[in-house]
Amino acid sequence: MSSYDYDFFVIGAGSGGVRAARIAASHGAKVGIAEEYRVGGTCVIRGCVPKKLLVYGAHFAEDLEDCVRFGWDVEGKAFDWAKLRDSVAHEVDRLEGLYRDTLGNNDVTVHDCRATLAGGHEVALSDGTSVTAKYILIAVGARPHVPDIEGCAEHAIVSNDVFKLDALPKRIAIAGGGYIANEFAGIFHQFGSKVTIVQRSDTILRGYDEQMRDRLMQISMTKGIDFKFNSHFKKVEKQEDGSLHLTMDGCEDMEVDALLFATGRLPNIEGLGLDKLGIETGERGAIKVDEYSRTNVDHIYAVGDVTDRIQLTPVAIREGHAVADNLFDGQDRTVDYECVPSAVFSHPPIASVGMTESEARNKLGGSIKVYTSDFRAMKNVLAGRNERSLYKIVTDANTDRVVGIHMIGPEAPEIMQAAAVAVKAGLKKADFDNTVALHPTMSEELVLMR
Ligand code: NDP
């Protein structure tokens, strides 16, 4: 008999924590999990899932424009934000229920409490009780980072707040040029808001292939989204009519109805009790872990955004799964961070796997070959939408191996998931060439580039 209340106690019921808890329980461990807010975490409650539903909602704006050339005449078009917001909220409620069911069906005990490390093997819960566990997993995620600028804390919103807005802003400024800024710029623009992206540097989506970023910027500007580069906020003031006056450095001052900060996410370590156990943190407060997601304290592990390795849901899930398999099924699993595909659900979306052209040039000493296809999707041609897609394959010129694929265009993320298998498997460009095209599709471009 164990002398602990639990074999495994997970702090945080987001993607990584829930997976770890469920798998540990399926291996026979006695598992508890604590969640201070809602089961499902960022991805399900206020991130990937509700955001993607808003992206779908936003797409109808374009579809309703484009359908005319396809013979449709839709009378009385109108958009009701409250209706979409509430449908999304209901879907999130449903998914939270499913997550809770999964935990329950696997005999994981859910504590709806904030949990903090109390020392040794003990975890203190906000209901005044405490529990002990042989192993503890920290999976508390990250939160939006808002720089310390006068008036920001009171008047700016973050992505979490978008899902609760009473009304859509007529004019919105979005701070940041990353995933969230570009995704929400597309969403708000399609819903009719005047969007201005304000970026501190001179580029968006750092880390993505330069040509894809340029193409997104060009399409976004053509649509009417404004970009202010090398610009900073100095002060945010609320005016009598409820609008915000933004005092800027690097561009002209602005009047907007909402200001959204999307300037990265910080690990959620405040008040967690890391100091009580001497758990080491690194840059930006991320919990330091080894390849098994183990902290410097032997029985304590951490996965997901709180470790700031790759802040993506599927990565957190893999990390949590591996911890559970290693601790309770005697496996020796680590997570492979090579070739993790990613996507930006902008309008149109970008998807990417492997090295960008410039990364490949640096890593492979310049001996690379680059193939591109710059085309207008058939549907866009008939619709009269002057929006071109761009696909790029980067290969190692010495081996012919495909080391990176980058795409911007309709459904790029859906296409990329399959293409990523080929890149991960180390296939060569010749393997792509040998594959017969599936016609007529956009993805056939991947096997037709010469
Ligand atoms: P990102 O890291 O993608 O982008 C942050 C942006 O904010 C960058 O443009 C950065 O500029 C800028 N920035 C950073 N710090 C400051 C500062 N102090 N002042 C002004 N600007 C600043 O962060 P997001 O918030 O967009 O998203 C957070 C994370 O969530 C992402 O990294 C991603 O991992 C995840 N995510 C994934 C999604 C997906 O998979 N589709 C969707 C949404 C989020 P610079 O380039 O100069 O550094």
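The values are calculated or read from the model by the stated rules, or taken from the named source; none is laboratory data. Note that the structure is predicted; figures quoted are calculated from it, not measured. Please note: Cβ atoms are built from the backbone with ideal geometry, for glycine as well, and neighbour counts cover all protein chains shown.
Filtering segment 177-210 to residues that are closer than 23 Å to residue 247 by Cβ, within 9 Å of the ligand (Cβ to nearest atom) and among the charged types (D, E, K, R) leaves 200, 202. Residues of segment 40-98 that are on the phi < 0 side of the Ramachandran plot and small (Gly, Ala, Ser): 47, 57, 58, 61, 78, 82, 87, 89, 97. For segment 310-348, filtered to residues that are within 16 Å of the ligand (Cβ to nearest atom) and in a helix (DSSP H, G or I), the residue that is surrounded by the fewest Cβ atoms within 10 Å (Cβ to Cβ) is 314.
Within segment 136-156, the set of residues being more than 28 Å from residue 117 (Cα to Cα), within 13 Å of the ligand (Cβ to nearest atom) and not in a loop (DSSP other than H, G, I, E, B) comprises just one member, 152.
Which one is nearest to residue 10 (Cα to Cα), of the residues in segment 257-280 that are within 16 Å of the ligand (Cβ to nearest atom) and either more than 26 Å from the chain's Cα centre (by Cα) or among the small types (Gly, Ala, Ser) (or both)?
Step one: filter segment 257-280 for residues within 16 Å of the ligand (Cβ to nearest atom), giving 259-268.
Next, only the ones that are either more than 26 Å from the chain's Cα centre (by Cα) or among the small types (Gly, Ala, Ser) (or both) stay: 262, 264.
Details: 262: 28, 264: 25 Å.
Filtering first and then ranking leaves 264.
Among the residues of segment 157-176, the ones that are within 9 Å of the ligand (Cβ to nearest atom) and either within 20 Å of residue 224 (Cβ to Cβ) or modelled with pLDDT under 95 (or both) come to 2 in all. Residue count for segment 103-122 satisfying the condition of being at pLDDT 95 or above and either in a strand (DSSP E or B) or among the β-branched types (Val, Ile, Thr) (or both): 9. Cβ-Cβ distances below 7 Å connect the following pairs, each with a first residue in segment 167-184 that is of a type in the set (S, T, N, Q), a second residue that is assigned to a loop (DSSP other than H, G, I, E, B) and within 16 Å of the ligand (Cβ to nearest atom), and a separation of six or more residues or different chains: 182/204; 182/205; 182/346. Residue 237 satisfies every condition listed in (1) among the charged types (D, E, K, R); (2) away from the ligand (no atom under 15 Å from the Cβ); (3) assigned to a loop (DSSP other than H, G, I, E, B) except (3).
Residues in segment 290-304 include at least one that is within 16 Å of the ligand (Cβ to nearest atom) and in contact with a Gly (Cβ under 9 Å, 6 or more places away or on another chain).
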